[in-house]
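Chemist: Please see the structure below; I have some questions.
The values are calculated or read from the model by the stated rules, or taken from the named source; none is laboratory data. None of the values given here were measured: they were computed from a predicted structure. Using ideal geometry, Cβ is built from the backbone for each residue, glycine included, and neighbour counts are taken over all protein chains shown.
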Amino acid sequence: MTVIESNDLFSLGAILMGLAWLGFFIDTHPIGRKTSGVIWVLGGAMLLSNFKVIPFEAPAYGFVGGSLVPLAIPLLLFKADLKRIFRESGMVMVTFLIASAATVIGAVAGFYLLDLGEIGPKVAGVYTGGYIGGAVNFLAVSEAVQMTDTQFSVAISASSVVSIIALMMLIAIPAIGWVTKRIPSTFLDEMSAQEKGDLGETVAPKLLLTHVAGAIALSFAICSAAKLLGELVERPQYNILFITLITLVVANLIPKILRNIQGDFELGMLFMYIFFAVVGAGTDALQFLGSAFILFVYGMIIIVIHLAIVLIAARLLKIDLAEAVVASGAALVGPSVTAAIAISRGWRSLVTPAIMCGIFGYAIATFIGFALTEWLSGGAL
């Protein structure tokens, strides 16, 4: 028995939304830049379920995973205008492609170095998706390869710790003399306090009902089309992949219209954070503790190999160190955090490429992660 029963929709809804609020609140404070609100959402939900406050399973959880998550994917990808991304990202994009390949190499190497058990191919694909794109790809690949909620919770929790370490390493690299002597940068001496002040000002997105309602309607339409496509080709389990593919087609057919929509990305993130709360709620703490360490080691192998390859490539191809850091960050920790790194360093001209490459990562990472799982599992999915 739990304090809140599985059929108490409103009480569970209040808790799930409250946990999502906690995650966003943490993200707006310094502690969020070190730990990520996702960890707090997952951890809070795990505590509540394992201490019998909320149930491990409930109909509301199924609604979130089956309906809100598919709706979130298009909302997060509507800005993926590929022409604009390649036009505005310059040499950073080339380096980002190298960084993405480095992630795949690290994932494959770690897979063969460690015994990850039966879920090894799934973990490899999910981590690859997450370290090329972000949490949305981590989730999308996990859905496509049919990870259980517990497996997903363990994987993303271990990955989040690795991401924190990766962020620290990215911030530290430009300050390491041994590295800067071998990989020079024209950006390191151009830091301007005035520019930092200008870039640090953020504008909250407007909540325009015409924009939000239109974005949700389009997301529903895309999800419906993806469902029909899955039934047509008799592959309903690939629904998330079809949603991603159709969204990318739409985003590049009407980029000017979607570029002007406000609030779509934020709404998608809200849906995602609610889902993270559901995942945490469905996680058994004993299983979690028994599996997390090996996945942490696996994630660290990917990160170390990734950074080594990117820095070696930067040295050989004479890529600016700042561009290498931004490209690597766009893959490992996502566009917003990488833009913050560029802002903190005063690399004004690299902020847009950081965001563009991060969005491109969202667009491609799900397919790459799924393909890697298929390959490592011998096409058994």
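Chemist: Please determine whether any residue of segment 3-12 is surrounded by fewer than 13 Cβ atoms within 10 Å (Cβ to Cβ), under 17 Å from ALA135 (Cβ atoms) and touching a residue at least 24 places away in the same chain (Cβ under 8 Å).
Modeler: Looking through segment 3-12, none of the residues is surrounded by fewer than 13 Cβ atoms within 10 Å (Cβ to Cβ), under 17 Å from ALA135 (Cβ atoms) and touching a residue at least 24 places away in the same chain (Cβ under 8 Å).
Chemist: A follow-up question, please. Please name all residue pairs, on different chains or six or more residues apart, with Cβ atoms under 7 Å, provided the first residue is in segment 77-104 and is closer than 26 Å to GLY299 by Cα and at pLDDT below 85 and the second residue is in a helix (DSSP H, G or I) and of a type in the set (S, T, N, Q).
Modeler: Partner pairs satisfying both residue conditions: LEU77/THR244; LEU77/THR247.
Chemist: When only residues in segment 319-334 that are outside any helix (DSSP H, G or I) and either among the charged types (D, E, K, R) or closer than 19 Å to GLY369 by Cβ (or both) count, which is modelled with the lowest pLDDT?
Modeler: GLY334
Chemist: Which residue pairs have Cβ atoms closer than 8 Å, lie 6 or more positions apart in sequence or on different chains, and pair a first residue in segment 303-315 that is basic (Lys, Arg) with a second residue that is not in a helix (DSSP H, G or I)?
Modeler: ARG315/ILE183
Chemist: Right, another one. Of all residues in segment 147-181, which are in contact with a Lys or Arg (Cβ under 9 Å, 6 or more places away or on another chain) and without any contact (Cβ under 8 Å) to a residue 24 or more places away in the chain?
Modeler: MET168 - this is the single residue of segment 147-181 that is in contact with a Lys or Arg (Cβ under 9 Å, 6 or more places away or on another chain) and without any contact (Cβ under 8 Å) to a residue 24 or more places away in the chain.
Chemist: Within segment 337-359, does at least one residue satisfy the condition of being touching a Ser or Thr at 6+ places or on another chain (Cβ under 8 Å) and on the phi > 0 side of the Ramachandran plot?
Modeler: Checking segment 337-359: at least one residue is touching a Ser or Thr at 6+ places or on another chain (Cβ under 8 Å) and on the phi > 0 side of the Ramachandran plot.
Chemist: So TYR131 passes all but one of these: (1) modelled with pLDDT of 80 or more; (2) not in a helix (DSSP H, G or I). Which condition number does it fail?
Modeler: TYR131 satisfies all of (1) modelled with pLDDT of 80 or more; (2) not in a helix (DSSP H, G or I) except (2).
Chemist: Kindly indicate the residue of segment 101-151 that is crowded, with 24+ Cβ neighbours inside 10 Å and of a type in the set (Ser, Thr, Tyr) and also nearest to VAL351 (Cα to Cα) among those meeting that condition.
Modeler: That would be TYR131.
Chemist: From GLU143, GLU57, grab the single residue that is part of a helix (DSSP H, G or I), touching a residue at least 40 places away in the same chain (Cβ under 8 Å) and among the acidic types (Asp, Glu). Give the steps one after another, and end with the answer.
Modeler: Working: GLU57 fails: part of a helix (DSSP H, G or I).
Answer to the selection: GLU143.
Chemist: In the set ALA331, ALA314, which member is within 22 Å of ILE164 (Cβ to Cβ), surrounded by 19 or more Cβ atoms within 10 Å (Cβ to Cβ) and aliphatic (A, V, I, L, M)?
Modeler: Details: ALA314 fails: within 22 Å of ILE164 (Cβ to Cβ).
That would be ALA331, the only listed residue that is within 22 Å of ILE164 (Cβ to Cβ), surrounded by 19 or more Cβ atoms within 10 Å (Cβ to Cβ) and aliphatic (A, V, I, L, M).
Chemist: When you go through ILE73, ILE54 one by one, which is the residue that is surrounded by 22 or more Cβ atoms within 10 Å (Cβ to Cβ), farther than 22 Å from ALA342 by Cβ and under 25 Å from the mean Cα position of the chain (by Cα)? Walk me through how you get there before you give the answer.
Modeler: Details: ILE54 fails: under 25 Å from the mean Cα position of the chain (by Cα).
Going through ILE73, ILE54 in turn, just one is surrounded by 22 or more Cβ atoms within 10 Å (Cβ to Cβ), farther than 22 Å from ALA342 by Cβ and under 25 Å from the mean Cα position of the chain (by Cα): ILE73.
Chemist: On to the next question. Tally up the residues in segment 66-114 that are hydrophobic (A, V, I, L, M, F, W, C) and outside any helix (DSSP H, G or I), please.
Modeler: Going through segment 66-114 one residue at a time, the tally reaches 3.
For every residue, the table says whether it meets (1) at pLDDT below 90; (2) crowded, with 17+ Cβ neighbours inside 10 Å; (3) in a helix (DSSP H, G or I).
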position	(1), (2), (3)
GLY290	yes, no, yes
ILE301	no, yes, yes
ILE309	no, yes, yes
ALA339	yes, yes, yes
VAL351	yes, yes, yes
ALA371	no, no, yes
GLY378	yes, no, no
